[in-house]
Amino acid sequence: MKVTLSTIIRKIECSTIGKIKDFEVKILLYDSRKLTIADKTLFFAIQTSSNNGEKYIDSLYKKGVLAFVVKNPPKNISYYKDAIFIVVDDVVKAMQDIAKIKRDKFKNDVLAITGSNGKTIVKDWICQLIDRDMKICQSPRSYNSQIGVPLSLWNLNEDDDLAIIEAGISSYNEMENLERIIKPTIGLITNIGDAHQINFNSIEDKVKEKVKLLENCSKIIYCSDIKIIDDIIKQEIIDKNPKKRTIISWGKNKKAIFRIEKIQIFDKTTTIHYKYNKIKGSFSINFIDKASIENSINAFVASLVLGEDAKKLELRMQLLHSLDMRLQIKEGINSMLIINDSYSSDMFSLLLAIENLKQQALGLQTMAILSDITQSSLKGGQIVEKINSYLEENNIGFLIGIGENFVKYENKIKIKHKTFTSVEQFMENYCAKDFANKIVLIKGARKFHFEKITQFFEKRTHQTQLEINLSSIIDNVNYYKSLLKNSTLLMAMVKANSYGAGGYKVAWTLAKGGANYLAVAFADEGVQLREKGIKLPIMVCSPEKESISKMIQYDLEPEIYSLSILNDVIEQINTNIFFNKKRKLKIHIKLDTGMHRLGMEEEDIDILIKRIKENKNIVISSIFSHLAASDDEAFDGFTLHQGEKFEKLSNKIMSHFSYPIIRHIANSAAITRFPSLHYDMVRLGIGMYGIGVDEKEQEKLKYVHRLRTIITQIRNIKKGESVGYNRKFIAKKDMTIGVIPIGYADGFSRRRGNGKGRVLINGKLAKVIGSVCMDMAIVDLTNIDCKETDEVIIFSENYPVTNIAKELKTIPYEVFTTISPRIERVFYQQ
């Protein structure tokens, strides 16, 4: 959906200072740290109580941003000679008005979700259920605020079949703004609780504010067992505005349109029996907690309303998985279990967490470590009294209450307990053995810093972690997409476990973040992605005869690089019991244009065409080739020669088939350096992991990986003493050395030993000395201020992986892909 700067200026209330060449605005930016494509960006200088976006204008201008939305133009306006300032009264409202331009162009359904809890997981689960059947634009993560909603709407495209947008509020008069720009055709309210209650006079007022989102919806979905929601929807929507609309209420009550007849909770699964449109059915989910049951019903009903078949949905419900496990259950020290939930602090989420603690106990003594509740309509003493009743009703054995409210109203607590004013006071008075053989819920508002408690209790396993920034991957994908025509598709390379990052999580992020195709090396990698619910088309680059049956079974698309592999595929099609003769197997023809690794030779093309035309159950999805040196300017002539050969051979094949066939040859480097080779699709690999073709591009990419460990031991050695196996290092002076728990079995190469490698400790480089061992290495800490357990950076944004590649005389690909699976992958989003 193309929107130009001139269109924006014409559509919103504003004045302008300066003039620049018109351009398509691709990115709405309010956080200067997230700049990716300067010349396609419109920056919003938003003012808050703690910050002012106007102070970042100068640095962004120097980086190439030329268009700014401001309330107050810079005083030195003449300095910004080639920039334009769009002056408005309210910068946030201007962002909303600009996003509305795209929404007004969108002609398909928009499903809006609101409620106190569960908005994001319900949205994600609806997508899991239906995204194989329709193209969906959805709010990223929890983008549901006055700023997050317009950013979500800006992702809309003409070819999206549906948009799913979250809408959250924290005070009066906010929902009208969101309803005006979302213009939902379908509305869903999840539930009501104490989240953000502090800014409302009553729960009733908050529900009335939330249901404003539903005023103009043609279809409304909600749980009519929640009386306050049921009453207010009737009062504020149905009675006040009796326009024709469809109400889909669900619940156990007899008036519910989608009637819940029975809920059966087993050890690890739940089965929900329902009746809808006089037809009975049931579905099962791999969750047993109250919140997941409620969220699953909302997702199921919404998917039905969107036109999905009930029987298909019942099967898919079993595959639902939580993308963001806010309740983390981990093993702790002294045989304890930890349930960590520091995401929110309201009465509703607390009740869910306590119920989960009870369900997970399995004979262990139960304990809850809680902070004061920061979001509630109740007063201090009432809150403590309510918490006590929750704990009593669920037979929780012991409470540790942290915060002034717990201390002040300790007399309201009837179960066994201790109270403290702060985390620090608690940790001074307790030791780890007090929690042995217990299951402990740790739930606190963010300002209490309960992560200190969690870190104290967590069982140390491997102390080395590879952190993967999923947001950076999407930012990098968006950078490369900005170099493409809107019609050009993108294939994301997730082979070798997503270049060592972790196949499933990265693939799922890419599926939600704009990739059109995925590519893996071997069939087993594709099978794992399918079993995790990935629906995107998947090309298998190195199909083996023995794996073709799996590819057919799991709807994977083989690369055809020789006549022999084509013959193997044809044989399987004719004999495999999993192959439906009414369907067609998609294949990808690889041509050898000069790489001389895998690929069809020119002399084989005629036979290839003949064999494919003889077999009606085969269809060519794409024709492609592999560039040998697109990143090296010295071989640009050869790259262009490969392009010419690809053009000739692909045209010859395509001339024999009447249906459209995708062509692709550009890899990450060619996307940047050879726009003429973009064709119908490009293949993005190392670029999306933050490795650019040159220094200029590197500045535009976000770093994705961070491999970290700790110092496990520090010791002093004397001059003449040796370190490590075979006495490869002899100290020439008195030294301080440290042991780090990472070795060659983890992917920390032995070639980095004996002074060749470096790691980063407290901002200083430490030399790797002696031989690298299987599970650990030794570093020189002389003149570095550090202590045991301090963090050690193997590579990160501050010490890029390219440094290690240079040490090893290799490429970043090898460094990434040799990181051992035993290294824990930690995924996060910003």
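The values are calculated or read from the model by the stated rules, or taken from the named source; none is laboratory data. Here the structure is a predicted model, which means the values were calculated and not measured. Backbone-built Cβ (ideal geometry, glycine too); neighbour counts: all protein chains shown. Each accessible area value is taken on the protein alone, full model and side chains, heavy atoms only, with ligands, DNA and RNA left out. Shrake-Rupley method; radii C 1.70, N 1.55, O 1.52, S 1.80 Å.
Brief remarks on what is shown
- In the stretch 447-466, residue nearest to the chain's Cα centre (by Cα) [restricted to those that are hydrophobic (A, V, I, L, M, F, W, C) and not in a helix (DSSP H, G or I)]: 466
- Residues that are within 20 Å of residue 604 (Cβ to Cβ), acidic (Asp, Glu) and surrounded by fewer than 18 Cβ atoms within 10 Å (Cβ to Cβ), drawn from the stretch 555-567: none
- Which listed residue, of 634, 629, is among the aliphatic types (A, V, I, L, M) and in a helix (DSSP H, G or I): 634
- For the stretch 467-493, the set of residues classified as open to solvent by less than 20 Å² (accessible area, probe 1.4 Å) and under 16 Å from the mean Cα position of the chain (by Cα) consists of 468, 469, 470, 471, 472, 473, 476, 477, 492, listed by residue number.
- Looking only at residues in the stretch 107-165 that are at positive phi and at pLDDT below 90, the one that is nearest to the chain's Cα centre (by Cα) is 141.
- Filtered by the rule that a residue be in contact with a Gly (Cβ under 9 Å, 6 or more places away or on another chain), farther than 26 Å from residue 473 by Cβ and at pLDDT below 95, the stretch 36-64 gives a lone residue, 47.
- Conditions (1) more than 30 Å from residue 661 (Cα to Cα); (2) open to solvent by 60 Å² or more (accessible area, probe 1.4 Å); (3) under 28 Å from the mean Cα position of the chain (by Cα): number failed by residue 427: (3)
- Within the stretch 659-673, the set of residues being more than 16 Å from residue 486 (Cα to Cα), surrounded by 20 or more Cβ atoms within 10 Å (Cβ to Cβ) and either of a type in the set (Phe, Trp, Tyr) or in contact (Cβ under 8 Å) with a residue 60 or more places away in the chain (or both) comprises 665, 668.
- Considering only residues in the stretch 773-830 that are outside any helix (DSSP H, G or I) and aromatic (Phe, Trp, Tyr), the one that is farthest from residue 508 (Cα to Cα) turns out to be 799.
- Number of residues in the stretch 49-69 that are among the small types (Gly, Ala, Ser), more than 15 Å from residue 82 (Cα to Cα) and in contact with a strand residue (DSSP E or B) (Cβ under 8 Å, 6 or more places away or on another chain) equals 1.
- Taking the criterion of being under 21 Å from residue 94 (Cα atoms) and open to solvent by less than 20 Å² (accessible area, probe 1.4 Å), the residues of the stretch 146-161 that qualify are 148, 149, 150, 152, 153, 154, 156.
Here is a yes/no grid of residues against (1) surrounded by 15 or more Cβ atoms within 10 Å (Cβ to Cβ); (2) among the aliphatic types (A, V, I, L, M):
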| site | (1), (2) |
| --- | --- |
| 761 | yes, yes |
| 778 | yes, yes |
| 788 | no, no |
| 816 | yes, no |
| 824 | no, no |
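- Residue that is farthest from residue 87 (Cα to Cα), among those in the stretch 1-22 that are open to solvent by less than 30 Å² (accessible area, probe 1.4 Å) and in a loop (DSSP other than H, G, I, E, B): 1
- Residue tally, condition small (Gly, Ala, Ser) and more than 25 Å from residue 393 (Cβ to Cβ), over the stretch 416-450: 3
- Filtered residue count, the stretch 523-554, keeping only those that are over 27 Å from the mean Cα position of the chain (by Cα) and surrounded by fewer than 23 Cβ atoms within 10 Å (Cβ to Cβ): 9
Every residue, every condition in (1) surrounded by fewer than 19 Cβ atoms within 10 Å (Cβ to Cβ); (2) under 30 Å from residue 740 (Cα atoms); (3) in contact with a Leu (Cβ under 9 Å, 6 or more places away or on another chain); (4) modelled with pLDDT under 85, yes or no:
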{"residue": "394", "(1), (2), (3), (4)": "yes, no, yes, no"}
{"residue": "435", "(1), (2), (3), (4)": "no, yes, no, no"}
{"residue": "458", "(1), (2), (3), (4)": "yes, yes, no, yes"}
{"residue": "463", "(1), (2), (3), (4)": "yes, yes, no, yes"}
{"residue": "499", "(1), (2), (3), (4)": "no, yes, no, yes"}
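- Counted residues, the stretch 470-524 - those being in contact with a Ser or Thr (Cβ under 7 Å, 6 or more places away or on another chain) and not charged (D, E, K, R): 14
- Whichever residue in the stretch 283-318 is of a type in the set (Asp, Glu) and in contact (Cβ under 8 Å) with a residue 40 or more places away in the chain and, among such residues, is surrounded by the most Cβ atoms within 10 Å (Cβ to Cβ): 294
- Counted as qualifying within the stretch 221-282 are the strands (runs of 3 or more DSSP E) with 1 or more residues that are of a type in the set (Lys, Arg), namely 258-265, 270-276.
- Pairs where the first residue, in the stretch 778-806, is under 30 Å from residue 692 (Cα atoms) and the second is surrounded by 19 or more Cβ atoms within 10 Å (Cβ to Cβ) and among the charged types (D, E, K, R), C-beta under 6 Å, 6+ apart: 791/708; 793/708; 796/706
- Residue selected from the stretch 571-603 under the condition open to solvent by 90 Å² or more (accessible area, probe 1.4 Å) and at pLDDT 85 or above, by the criterion farthest from residue 541 (Cα to Cα): 603
- The criterion of at least 2 residues that are of a type in the set (D, E, K, R) is met by the following strands (runs of 3 or more DSSP E) wholly inside the stretch 509-587: 557-560.
- Residue count for the stretch 639-658 under the criterion of being open to solvent by less than 80 Å² (accessible area, probe 1.4 Å) and touching a Gly at 6+ places or on another chain (Cβ under 8 Å): the result is 2.
- Residue selection: residue 47 fails the criterion of being touching a Pro at 6+ places or on another chain (Cβ under 8 Å) and of a type in the set (S, T, N, Q).
- Residue 749 falls short of the stated requirement of being free of Cβ contacts under 8 Å to residues at least 60 places away in the same chain and of a type in the set (Ser, Thr, Tyr).
- For the stretch 257-281, filtered to residues that are among the hydroxyl-bearing types (Ser, Thr, Tyr) and in contact with a Ser or Thr (Cβ under 6 Å, 6 or more places away or on another chain), the residue that is most open to solvent (accessible area, probe 1.4 Å) is 269.
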